[in-house]
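J.: Got a structure for you, written out below as C-alpha cells; questions coming shortly.
The values are calculated or read from the model by the stated rules, or taken from the named source; none is laboratory data. Worth saying up front: this structure is predicted, and the values here are computed from it rather than measured. A quick note on method: Cβ atoms are made from the backbone with ideal geometry, for glycine too, and the neighbour counts reach across all protein chains shown.
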Amino acid sequence: MEETNTKIRILFVEDDPNLSMILKDYLEMMGYTVVHAGDGEAGLKLFKSGHFDLAILDVMMPKKDGFTLAGEIREKNMSIPIVFLTAKNLKEDRIKGFRQGCDDYITKPFSTEELSLRIKAILKRCAVSDDTHKPEESRFYTLGHFQFDSNNLTLTSPQGEKRLTRKEANLLKLLCQHKNTLLSREVALETIWGENDYFIGRSMDVFITKLRKYLKSDPAVKIINVHGIGFKLEVKE
C-alpha cells in the first residue's frame, strides 16, 4: 500500500455491481479512499456532499449518463480530474468525453493494473502542474488586456473573469511559456496529456478552440495553428 494514496479520495460512479465491487476493492487495496455510487444522480449527490481528488465515471448509466454528470461536476469544480469508463470505442464518444473536460478515457474491458497506472499518471500530472509552491512570477502572465493566473485558473479581462478548467489552464500556461514561438504538438501532448495519439490530439484541438474563444476579445492576442506542426501564441506588445 502506498501511504500517499490514503489522502486521495476517489468518486467512483458505475452501475455494474460486479465491476464496481472489483474495482472498489482493488483501489482501496492500493490505498485510495473510494466512494461509490450506482447511478449518475447518486453520484452527483455524493460529489456535492464532500471533497474528492478524482472522479471515475461510467458513461452509460441509468438516470444520468457520465457525460451529463461530468458537465455538472465541472460547473462545481473546474480542476478535479475526470476519467471516463466506457464499453464503447467510438471516436465520437471519445471526442465528446474530452469536450466535457475529461482527463482520460478507458475502454472496457481493461485491467486493474492499467487503471491504476492511469490514475497515478493523472495525479502526477496534476501535482506537477500545481503552482502553489512555485515562485509567484511563474503563476501570472499578461496577454494583451488579459491577466492569467495559472494557479487560481482565472483569465481576467475588462469584460470580467473567466474560470478555466485545469486542462485549459495548463495548456494556456504552456503556450504562455512559449509566447511568440512555436509550441510543437508533440511537446504539448506529452506535457499536458502524458501521451501522444490521434484521440488525445483531437482533444487538444478542442481545447485550443476553447482558448481562442476566451481570448477573442483582444485582437492583439491570437493562437496561430501551424498546420501539422504545432501552435504559436502571438501577443503583439
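J.: Out of (1) buried (at least 16 other Cβ atoms within 10 Å of the Cβ); (2) not in a helix (DSSP H, G or I), what's the single condition that is false for GLN147?
T.: For GLN147, the exception is condition (1).
J.: Could you run through the stretch 74-85 and say how many residues are more than 12 Å from the chain's Cα centre (by Cα) and among the hydrophobic types (A, V, I, L, M, F, W, C)?
T.: Result for the stretch 74-85: 1.
J.: When you go through (1) surrounded by fewer than 16 Cβ atoms within 10 Å (Cβ to Cβ); (2) of a type in the set (A, V, I, L, M); (3) farther than 21 Å from LEU123 by Cα; (4) modelled with pLDDT under 90 one by one for MET61, which number turns out not to apply?
T.: Unmet for MET61, out of (1) surrounded by fewer than 16 Cβ atoms within 10 Å (Cβ to Cβ); (2) of a type in the set (A, V, I, L, M); (3) farther than 21 Å from LEU123 by Cα; (4) modelled with pLDDT under 90: (1).
J.: Suppose we filter the stretch 38-69 for residues that are over 18 Å from LYS108 (Cβ atoms) and either among the hydroxyl-bearing types (Ser, Thr, Tyr) or assigned to a loop (DSSP other than H, G, I, E, B) (or both); how many remain?
T.: Looking only at that region, the number is 8.
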